[in-house]
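*Asks:* What follows is a structure written as structure tokens; I'll ask about it next.
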């Protein structure tokens, strides 16, 4: 193999999330492992949501990126456990999301099993106000909820805790 | 040995069919939801369920070992081969009906996955661990809607009250094991669903009370049979629509 593991990780950092294009897949925290065996590179990926349509697209982008770099033998492995959590997103990713107008996950301490738990308190990514309300638990993609700022009145996406 | 494998295959298909049929049902709302946000919510939940189903189908196809894929299992089996819970195939009705059906299922789904994630089969456990997070989120959404409609206007209260009563007959099936399930429970290969009933009733009642709704579960007609392939007339129509393309153009791919 002409590449080191470190170089492979570098290549993977060039693969963007198709639905949140400001993040790459390392910042998203879905690449769990890179294994090099002879001339084969195996990339272990943990999907964000079970039915996320971006999953197969991300797998294809990883394959294409590595082929582009001259690695012909690429193996992609899906690993479900431990389940992906927004805690695996990097600190830098949160800043990038905010700059893009998406409120990053707030790492809620609320009990996930509590049916009557109050929704996460999310600061507005536009004006920074903490005076916001949940409009809908479900947003434009599986990973987002819809909020609105009560001060600047702007609606915004929230990358929900998972 | 062969029998044991059959039971395991039945169970995977039951889990897969249940999530897929409900996902397919919910996807019928796409573009027709009462408001845009809830239209999107229904499609999101449908997508999670279809994702969960495809993971189980993949395991089932591997276990079957006949070179079949998850698509073969979803698109080329007949009505009598489907093992989904009857409640999942019942028609959408109005928004309140869909919410009532979803609420009963979500509360059960969360309790089931919570047990399934401790399964000795690490692959099934991994799917359960993954799906549990999503199912919990669904349960919050449907519980909230039961409360909003029940404790809402007079009209919304009356409508959801009727929906909540209409689906009661289909809830017992979640907790009554078939013969092949009894064998799997005895060998510890699947959670003992009979023990989930009390927890389910407690959680359901907690929400119904908040929603000012009432139901008497002892009046349930206990309709069962879905897990053994005996379905209501609704399933055939779902399959006819869902399987049309694959049956008309065999081996087609997107």
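The values are calculated or read from the model by the stated rules, or taken from the named source; none is laboratory data. Here the structure is a predicted model, which is why all the values come from computation and not from measurement. Cβ atoms come from the backbone with ideal geometry, glycine included; neighbour counts cover every protein chain shown.
*Asks:* Going residue by residue through the range A:62-71, is there one that turns out to be crowded, with 20+ Cβ neighbours inside 10 Å and within 14 Å of another protein chain (Cβ to nearest Cβ)?
*Replies:* no
One line per residue, one yes/no per condition, for (1) more than 10 Å from chain A (Cβ to nearest Cβ); (2) out of contact with any helix residue (DSSP H, G or I) (no Cβ under 9 Å at 6 or more places or on another chain); (3) in a helix (DSSP H, G or I); (4) surrounded by fewer than 16 Cβ atoms within 10 Å (Cβ to Cβ):
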residue: B:99; (1), (2), (3), (4): yes, no, yes, no
residue: B:103; (1), (2), (3), (4): yes, no, yes, no
residue: B:107; (1), (2), (3), (4): no, no, yes, no
residue: B:119; (1), (2), (3), (4): yes, no, no, no
residue: B:159; (1), (2), (3), (4): yes, no, yes, no
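*Asks:* If you take just the helices (runs of 4 or more DSSP H) that sit entirely in the range A:1-120, which of them hold at least 1 residues that are in contact with a strand residue (DSSP E or B) (Cβ under 8 Å, 6 or more places away or on another chain) and free of Cβ contacts under 8 Å to residues at least 12 places away in the same chain?
*Replies:* Helices (runs of 4 or more DSSP H) meeting the threshold: A:54-68.
*Asks:* Out of the range B:1-35, which residues are over 17 Å from the mean Cα position of the chain (by Cα) and under 20 Å from residue B:135 (Cα atoms)?
*Replies:* Answer for the range B:1-35, where residues must be over 17 Å from the mean Cα position of the chain (by Cα) and under 20 Å from residue B:135 (Cα atoms): just B:30.
*Asks:* Follow-up. Tally time: how many residues in the range B:189-238 are within 14 Å of chain A (Cβ to nearest Cβ) and either touching a residue at least 40 places away in the same chain (Cβ under 8 Å) or over 20 Å from residue B:109 (Cβ atoms) (or both)?
*Replies:* Counting residues in the range B:189-238 that are within 14 Å of chain A (Cβ to nearest Cβ) and either touching a residue at least 40 places away in the same chain (Cβ under 8 Å) or over 20 Å from residue B:109 (Cβ atoms) (or both) gives 9.
*Asks:* Take the residues in the range B:218-237 that are part of a helix (DSSP H, G or I) and touching a helix residue (DSSP H, G or I) at 6+ places or on another chain (Cβ under 6 Å), then tell me which one is nearest to residue B:168 (Cα to Cα).
*Replies:* B:226
*Asks:* Return the residues of the range A:13-29 that are surrounded by 21 or more Cβ atoms within 10 Å (Cβ to Cβ) and within 14 Å of chain B (Cβ to nearest Cβ); say none if nothing qualifies.
*Replies:* none
*Asks:* Something else: How many residues does the range A:28-47 hold that are closer than 15 Å to residue A:61 by Cβ and either out of contact with any helix residue (DSSP H, G or I) (no Cβ under 7 Å at 6 or more places or on another chain) or at pLDDT 95 or above (or both)?
*Replies:* Counting residues in the range A:28-47 that are closer than 15 Å to residue A:61 by Cβ and either out of contact with any helix residue (DSSP H, G or I) (no Cβ under 7 Å at 6 or more places or on another chain) or at pLDDT 95 or above (or both) gives 5.
*Asks:* Tell me the residue from B:142, B:131 that is under 15 Å from the mean Cα position of the chain (by Cα), farther than 30 Å from residue B:62 by Cα, modelled with pLDDT of 95 or more and within 14 Å of chain A (Cβ to nearest Cβ), please.
*Replies:* The match here is B:142.
*Asks:* Take the conditions loosely packed, with under 15 Cβ neighbours inside 10 Å and at negative phi and apply them to residue A:96. Does it pass?
*Replies:* Against the criterion (loosely packed, with under 15 Cβ neighbours inside 10 Å and at negative phi), residue A:96 does not qualify.
*Asks:* Next question, about the same structure. Can you name the condition, by its number, that residue A:121 falls short on among (1) more than 9 Å from chain B (Cβ to nearest Cβ); (2) buried (at least 16 other Cβ atoms within 10 Å of the Cβ)?
*Replies:* Only one criterion in (1) more than 9 Å from chain B (Cβ to nearest Cβ); (2) buried (at least 16 other Cβ atoms within 10 Å of the Cβ) is unmet by residue A:121, namely (2).
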